[in-house]
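Q: I'd like to ask you about the structure that follows.
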Amino acid sequence: MQMVMTTICGFIQMFLPCGLYVPVKREGKPPHFLRNMTLVGCTRFTTVFLGLVALKFVAVSFTETVKSSAPIFTVLIAWVLLRERTGIYVMLSLIPIMGGLALCSAYELSFNIEGFLAALGTNITECLQNVYSKMLISGEKFKYTPAELQFYTSVASVTIQIPTGYFLMDFSYVKRTLTSTMATALVMNGVFFHFQSITAYALMGFISPVTHSVANTVKRAMLIWLSVIVFGNPVTFLSGLGTVIVTVGVFLYNRAREYDQIKREMAIAYKNGTREELTA
């Protein structure tokens, strides 16, 4: 239902941007359009599917803690695909994020290997999706709008989901258990997922994939404690400590990014000043 709603809402927002982006007129499709949309659509489907599998086996708090390791995967993928280099202080700030994650995993009461691998898998595919989406939404020759990326990749994702659902879903069970309340909840979940993902695409046009992953980590820290409060998931002292360490690591990352940015600007200014002295 999430992908169906993002398809419908994405199509509507191609004509009603709602202030999220500036609409542009297209004269045709860009090069490699089908390949790009299929690749991002596949990663979107895999991310959602593995995320739901993870929630089946482990608590929400643990799933979101595993996803907090996203910055380190994004650094590696951004370096491979975008050639985006990360400063040494930023790399060091990722250590407490990874260490806190390991602490949470070691002392999580609901730990399950299937759930852990599914959560790790959805983490990696989401990072790949974010980096590749950044390439498409910030391209030099052709820039996709957030609504275009949302709609076309959702169509590709739904196309993959239909045969997958046919083989994996128990339609008789769905028919017996589906109520109007459940249907409404599924539709609302899909609408919320649409706005969450399209605002993420809009945000990607202004920030780097690594910064986006770190921002998501802050969101996940809030989700962890919200799930503990709402669902009453038991949390050990060391698991809670690991969550705190992850959060602290995120703030250290932000300071490290600021420092690296200042250092980079000073290096550029020094280089330009030296060039002017040589030409004078």
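The values are calculated or read from the model by the stated rules, or taken from the named source; none is laboratory data. Predicted model only: the values in this text are computed from it and were never measured. Here Cβ is always computed from backbone atoms with ideal geometry, including for glycine, and neighbour counts include all displayed protein chains. SASA here: full protein model, heavy atoms, side chains in, ligands and nucleic acids out. Shrake-Rupley method; radii C 1.70, N 1.55, O 1.52, S 1.80 Å.
Q: From (1) open to solvent by 40 Å² or more (accessible area, probe 1.4 Å); (2) modelled with pLDDT under 75, pick out the condition that doesn't hold for residue 88.
A: The one condition residue 88 does not meet is (2).
Q: On to the next question. Out of all the residues in the range 63-85, which are open to solvent by 10 Å² or more (accessible area, probe 1.4 Å) and either farther than 25 Å from residue 244 by Cβ or small (Gly, Ala, Ser) (or both)?
A: 76, 77, 79, 80, 81, 82, 83, 84, 85
Q: Just to verify a result, which residue in the range 232-252, among those that are open to solvent by 80 Å² or more (accessible area, probe 1.4 Å) and within 24 Å of the chain's Cα centre (by Cα), is farthest from residue 93 (Cα to Cα)?
A: Taking the candidates together, the pick is 251.
Q: Kindly list the number of the only condition in (1) open to solvent by less than 80 Å² (accessible area, probe 1.4 Å); (2) not in a helix (DSSP H, G or I) that fails for residue 153.
A: Just one mismatch for residue 153, condition (2).
Q: Which condition number in (1) of a type outside the set (Lys, Arg); (2) touching a residue at least 60 places away in the same chain (Cβ under 8 Å); (3) over 22 Å from residue 115 (Cβ atoms) is the one that residue 49 fails?
A: Only one criterion in (1) of a type outside the set (Lys, Arg); (2) touching a residue at least 60 places away in the same chain (Cβ under 8 Å); (3) over 22 Å from residue 115 (Cβ atoms) is unmet by residue 49, namely (3).
Q: Same structure again: Only helices (runs of 4 or more DSSP H) wholly contained in the range 162-280 count here; list those with 2 or more residues that are at pLDDT below 70 and under 27 Å from residue 71 (Cα atoms). I'd like the intermediate steps shown before the answer.
A: Values: elements: 171-177, 180-204, 209-231, 237-279.
Per the criteria, 209-231.
Q: Okay, moving on. For the range 9-32, enumerate the residues that are touching a residue at least 60 places away in the same chain (Cβ under 8 Å) and either part of a helix (DSSP H, G or I) or under 24 Å from residue 187 (Cβ atoms) (or both).
A: 9, 10, 11, 13, 14, 17, 20
Q: Here is a list: 60, 4. Which entry is open to solvent by less than 90 Å² (accessible area, probe 1.4 Å) and at pLDDT below 80? Working first, answer last.
A: Numbers: 4 fails: at pLDDT below 80.
Exactly one of 60, 4 is open to solvent by less than 90 Å² (accessible area, probe 1.4 Å) and at pLDDT below 80, namely 60.
Q: Let me ask something additional. Kindly provide the set of residues from the range 104-122 that are within 20 Å of residue 250 (Cα to Cα), surrounded by 21 or more Cβ atoms within 10 Å (Cβ to Cβ) and modelled with pLDDT under 85, ordered by number.
A: If the condition is that a residue be within 20 Å of residue 250 (Cα to Cα), surrounded by 21 or more Cβ atoms within 10 Å (Cβ to Cβ) and modelled with pLDDT under 85, then 104 is the only one that fits.
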